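Worksheet: the structure to be examined is printed underneath.
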Amino acid sequence: MPKVVFVLPDGTQTGVDARDGDSVMLAATQNGVPGIVAECGGNTSCATCHVWVRDDFAPRLDPPGDMEEDLLDLAVSERRDGSRLSCQVPVTSELDGLTVEIPAVQP
Ligand code: FES
């Protein structure tokens, strides 16, 4: 199982095992990681699953689709280079150790 590492707003890191193919959002919510609200359940309509993907992993992800781009532009509190909606990022074994930061506030 690939591991996803979440960096909480206070700097604490927590690693969880994800099922191959699950989204980063599901890896968080199914393992009780705080800060990923995921109000819409992964339907690309809430942006409460915003994360900042660490630089070493961001270039290895497929780019965001149009709906994700729109939400990132309009709905997240602070868009950075690594901003992604975690419900749109699948975890694969090639991404073992994927590390994402969770914003202190979700929109
Ligand atoms: Fe709503 Fe990701 S869970 S956009």
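With (1) in contact with a Lys or Arg (Cβ under 8 Å, 6 or more places away or on another chain); (2) within 16 Å of the ligand (Cβ to nearest atom); (3) of a type outside the set (A, V, I, L, M) as the list, and ASP70 as the residue in question, which single condition is left unmet?
(1)
So is ASP17 more than 6 Å from the ligand (Cβ to nearest atom), surrounded by fewer than 16 Cβ atoms within 10 Å (Cβ to Cβ) and modelled with pLDDT of 95 or more or not? Write out each step before concluding.
On the way: more than 6 Å from the ligand (Cβ to nearest atom): yes; surrounded by fewer than 16 Cβ atoms within 10 Å (Cβ to Cβ): yes; modelled with pLDDT of 95 or more: yes.
Answer is yes for this residue.
Quick check: anything in the range 1-12 of a type in the set (Ser, Thr, Tyr) and within 16 Å of the ligand (Cβ to nearest atom)? Walk me through how you get there before you give the answer.
First, the residues of the range 1-12 that are of a type in the set (Ser, Thr, Tyr): 12.
From what is left, the residues that are within 16 Å of the ligand (Cβ to nearest atom) are none.
No: zero hits.
Look at CYS49 and say whether it is in contact with a helix residue (DSSP H, G or I) (Cβ under 6 Å, 6 or more places away or on another chain), of a type outside the set (A, V, I, L, M) and near the ligand (Cβ under 8 Å from one of its atoms).
Working: in contact with a helix residue (DSSP H, G or I) (Cβ under 6 Å, 6 or more places away or on another chain): yes; of a type outside the set (A, V, I, L, M): yes; near the ligand (Cβ under 8 Å from one of its atoms): yes.
Criteria met by CYS49.
The values are calculated or read from the model by the stated rules, or taken from the named source; none is laboratory data. Remember, it's a predicted structure, so these values are computed and weren't measured experimentally. Using ideal geometry, Cβ is built from the backbone for each residue, glycine included, and neighbour counts are taken over all protein chains shown.
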